[in-house]
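Single-structure report; data block below.
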Amino acid sequence: AEVVDDSSIKCNSTPSFESISRSSLTVPFYVAPASVNEISTTMSFTYHYPEEINSIFPRAGFGGTLVTISGSGFLVSRGYRCRFGEMMTNAIRISENKIMCIAPSLKPSAVPVSITNNEVDFVEAGSFLYFHELSIVSAFLQGPPRTTVKVQLGHNIESLGNERKEKNIAPPS
């Protein structure tokens, strides 16, 4: 054990996943005092089987893309976070099999994605490919007179959670 301050110590636990049947196991542990006059303390520690990741969707997009990570063993926890490269974002646990987070804005590249519920232990989820932001610079419309053309402006049109802008453009008469 390592003494952190007057009221805290830091201990490393030995993983005991063999005795966990794909869920969790709570075991007692004791803090023994340095002197005989102090009282020992009994506490409990819960081992949780690591989350298992099956998929990440979508695997590519832009900053602001809603990303779904599917798997098993996602605990009821307030602390789920996703890590895209070195950037952390909050996540929402939807069920034991699904969490969701929003990809932060990063430069175009492929970055590893991982999840955590304690900001210490991370489970790799896969990678996410960031695209260059796209915009329409100009458009040439060709068609019969009085034709209405629907143009969608914005980025990552297929992902939920991103703003969609639509504009109906009618050619001049």
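Quick notes on this structure:
- Between amide H atoms placed 1.01 Å from N, distances below 5 Å from V67 occur with C101, I102, A103, all of them 5 or more places distant or on a separate chain.
- The phi-based Karplus calculation (6.51 cos²θ - 1.76 cosθ + 1.60; θ = phi - 60°) puts the 3J(HN,Hα) values of the range 59-70 at 8, 8, x, 10, x, x, 6, 7, 10, 10, 10, 10 Hz, whole numbers, x for Gly and Pro.
- 5 angstrom amide H check on M87, placed H, neighbours 5+ away: none
- Descending semi-axes in Å of the range 52-127, equivalent ellipsoid built from Cα gyration tensor: 19, 12, 11
- The packing ranking, built from the mean of other Cβ atoms within 10 Å per residue, places the peptides 120-129, 96-105 in the order 96-105, 120-129, highest first.
Bear in mind these aren't lab numbers, they're just calculated from the coordinates by the rules spelled out. Since this is a predicted model, take the numbers as computed values, not measurements. Every residue, glycine as well, gets a Cβ built from its backbone with ideal geometry; the counts of neighbours run over all protein chains shown.
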